[in-house]
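Just so you know, all these numbers are worked out from the coordinates, no wet-lab data involved. Everything numeric here is computed off the predicted structure, so don't read it as measured data. Reconstructed Cβ throughout: ideal geometry from the backbone, glycine too, with neighbour counts over all protein chains shown.
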């Protein structure tokens, strides 16, 4: 009797997409992933974090909440917290490392020849 009077629906933003809209949602998710990748390549942390937030908002709308999805979402958040900057080597350090390697090899070769 109450089924005819009361209809229960979710009212939050994370509503699971109906089957006819899942392909569109998957396409939007792919676009957000591409935007996140581009922001990471540009080292644009603000754009990367925003794209990750949008990706995280789409995932529960496309996939059933379970432990695997939670693990993926947690990994995504950890990735978003990592710095996008690179530590570039200081000019000349590679040459110094090559000289040290050469010196170590020539020292080992001289010691082995004398024994």
Is it the case that region 42-56 has a residue that's under 16 Å from the mean Cα position of the chain (by Cα) and farther than 30 Å from residue 24 by Cβ? yes
With the structure loaded, tell me whether residue 98 is farther than 21 Å from residue 37 by Cβ and free of Cβ contacts under 8 Å to residues at least 40 places away in the same chain or whether it fails that test. yes
For region 29-115, which fully contained helices (runs of 4 or more DSSP H) count at least 1 residues that are out of contact with any strand residue (DSSP E or B) (no Cβ under 8 Å at 6 or more places or on another chain) and under 30 Å from residue 19 (Cα atoms)? 45-62, 67-81
